[in-house]
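Each reported figure results from applying straightforward, stated rules to the coordinates on display, with no laboratory input. Remember, predicted model here, so these are calculated numbers, not experimental data. Cβ placement follows ideal geometry from the backbone for every residue including glycine, while neighbour counts extend to all protein chains displayed.
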Amino acid sequence: MTAAPALSVAGLTVAFGGIVAVNDVTLDLPVGARHALIGPNGAGKTTFVNLLTGTLKPTAGTIRIGDEDVTRLDTRSRVKRGLTRTFQINTLFAGLTPLEAVSLAIAERDDLAGIWWRRLGGFPAVRDEAEALLSSLRLIEHARVPTGELAYGKQRLLEIALALAAKPRILLLDEPAAGIPAGESREVFEVVDALPDDISVLFIEHDMQLVFRFARRIVVLTSGSVLAEGTPDEIRRNDDVRAAYLGSTHV
């Protein structure tokens, strides 16, 4: 029997008044996927991710995590089932260190955050897991530096660490390289590419060099609809995609 995709979307649609922002989108995200979602500004990419996470409710269509229909579940329930995301603009607490922030996220996941009378040091397993996670994302040497003092690329990695603290099966990244110098953006994607094979990744990105280097499959969205889906080579050669988005730069 073929295993169910990590995430499956069928006929997903959302309209705001007379404007259809996402139109009849159907796609599967296999277990271990490294998929990119690309398209021009206003194509509906972030709206689509907001539908996946439960921030927005669809007008039509279904969303499944594994075998479970989660279309009507709220955001927290989807996180509990293994779906997490990052945002275009970070929402980090500048005064916390990465170790403190990730430890708090792990404590929240394990329902320990409400035990207010114990200091964080009273949970050695939480601290050890946080340090291991920071090490895997190349942040351990910055673990005790206030977040506000970190380079922006390191802050992006911290966002991913906080998402991973929930032990997701599916990770959605909304422009993780936005605003980052080229060298730091490559590091972010090298870390993402090296995530365990049981984590499925869908990322929005406008830097086509990063997309073609790191995506194993690409979905192209225009005017809220899927224009094309395929391997990087297939997308690069697709005349419709070149006309609508890529131009001749990536021939």
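Can you give the % of DSSP beta bridges in segment 153-251 that are antiparallel, to the nearest 5?
Numbers: 5 of 10 bridges.
Of those bridges, close to 50 percent are antiparallel.
Placing +1 on each Lys and Arg Cβ and -1 on each Asp and Glu Cβ, with no other charges, gives the chain a dipole about its Cα centre of roughly 340 debye.
Taking the Cα centre as origin and putting +1 on Lys and Arg beta-carbons and -1 on Asp and Glu beta-carbons, what dipole magnitude results for segment 1-135, to the nearest 20 debye? Mind showing how you got there, number by number?
Details: 14 positive and 13 negative charges, 48 e Å.
It works out to roughly 240 debye.
Stretching E141 away from D197 to a fully extended chain increases their span by 17.6 nm, per 0.36 nm per residue minus the current alpha-carbon distance. Distant-in-sequence amide contacts of R34, defined by a placed amide H-H separation under 5 Å and a gap of 5 or more residues or a different chain, comprise V201, R216, R217.
Taking 24 Å as the straight-line reach from the Cα of K80, the lysines in range (excluding those fewer than 8 positions away in the same chain) are K45, K57, K167. Ordered from longest to shortest, the equivalent ellipsoid semi-axes for segment 140-235 are 26, 15, 12 Å, each the square root of 5 times a Cα gyration tensor eigenvalue.
May I ask for the net charge around E184, where only other residues with Cβ less than 9 Å from the Cβ of E184 are counted and Lys, Arg are +1 while Asp, Glu are -1? Please report the intermediate quantities before stating the final value.
Working: positive: K154, R156, R186; negative: E187.
Result for the local shell: +2.
Scattering from segment 1-72 was approximated by placing one identical point on each alpha carbon and applying the Debye formula without solvent; log10 I(q)/I(0) at 0.12, 0.24 1/Å stands at -0.32, -1.15. Projecting the Cα atoms of G179, G17, L133 onto the dipole axis of the chain, where Lys and Arg carry +1 and Asp and Glu carry -1 at the beta carbon, places G17 farthest toward the positive end. Segment 1-77 and segment 202-251 have Cα centres spaced 18 Å apart. When only Cα pairs below 8 angstrom with a gap of at least 6 residues are kept, segment 99-251 shows a relative contact order of 16 percent.
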